[in-house]
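The values are calculated or read from the model by the stated rules, or taken from the named source; none is laboratory data. The structure displayed is predicted, hence computed values, not measured ones. Here the Cβ positions follow ideal geometry from the backbone for every residue, glycine too, while neighbour counts run over all protein chains shown. Remember, those area values only see protein heavy atoms, side chains included, never the ligands or the DNA or RNA. Shrake-Rupley method; radii C 1.70, N 1.55, O 1.52, S 1.80 Å.
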Amino acid sequence: GTYNEKKGEIKRWEEICSKLNAAIEIVSKERKAFIDNILNRLSDDCDQLYQAIHPHEQFSGIRFVLDQHKKGSLDQVANFEGFEIPPQAYFSDSHLDTLSFAFFLAMARQNDPSNTILVIDDIFTSVDEEHLDRIVKLLIDQSQHFVQIIAATHLRKWMDWALQGQAPYSKMQ
């Protein structure tokens, strides 16, 4: 009797393991779909913000995707002249800094910005004046979504803009 009892017990445990593995597969698939949905929204938002800083430039289609073959990984891709490339390999320091900023801003916009004070600290030291001007305009435009945006910087240009109160900088304090 003991042999048959243990054989029956093994069969029950095998059935339980099979059901648990099926449940793990369902949870894993749902979790990945949930994350992919968030990354798609974040990618679209980030690309829109990045394009506001870099209009008419050849980089577009910024995407953030999970690497299905690695655990805990996030890949970045962009379009350049019709080719999908990793930004880290081809973007200049200025482009990478503004991409990071666009990602940061897109993330902040995902989480109830109407109750968020956005604080940024000296993140624009690698960009030229033309791009910095677009960043300031973008921040002013985005300020309507946040309680407040606080920017700390060593760049004199920002203080000059704020003190002059010139449009569109009249909202700066």
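Some values worked out for this structure:
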item: Breaking point among (1) exposed (fewer than 15 other Cβ atoms within 10 Å of the Cβ); (2) closer than 27 Å to ALA33 by Cβ; (3) modelled with pLDDT of 90 or more, for GLY72; result: (3)
item: Residue in region 95-104 that is under 17 Å from the mean Cα position of the chain (by Cα), modelled with pLDDT under 85 and surrounded by 14 or more Cβ atoms within 10 Å (Cβ to Cβ) present; result: no
item: Looking only at region 32-51, and only at residues there that are touching a residue at least 60 places away in the same chain (Cβ under 8 Å) and surrounded by fewer than 16 Cβ atoms within 10 Å (Cβ to Cβ), the one that is farthest from ASP141 (Cα to Cα); result: ILE38
item: Which numbered condition PRO55 fails, given (1) loosely packed, with under 10 Cβ neighbours inside 10 Å; (2) over 30 Å from ASP141 (Cα atoms); result: (2)
item: Candidates ILE135, ILE120, ILE62 - the one that is within 24 Å of ILE35 (Cβ to Cβ), out of contact with any Lys or Arg (no Cβ under 7 Å at 6 or more places or on another chain) and among the aliphatic types (A, V, I, L, M); result: ILE62
item: Answer residue from region 111-122, given it is within 16 Å of the chain's Cα centre (by Cα) and open to solvent by 60 Å² or more (accessible area, probe 1.4 Å) and is modelled with the highest pLDDT among those; result: ASP112
item: Near pairs, Cβ below 7 angstrom, 6+ apart or cross-chain, from region 69-98 (under 21 Å from ASP44 (Cβ atoms)) to any residue that is exposed (fewer than 15 other Cβ atoms within 10 Å of the Cβ) and among the charged types (D, E, K, R); result: SER73/ASP67; ASP75/ASP67; VAL77/GLU84
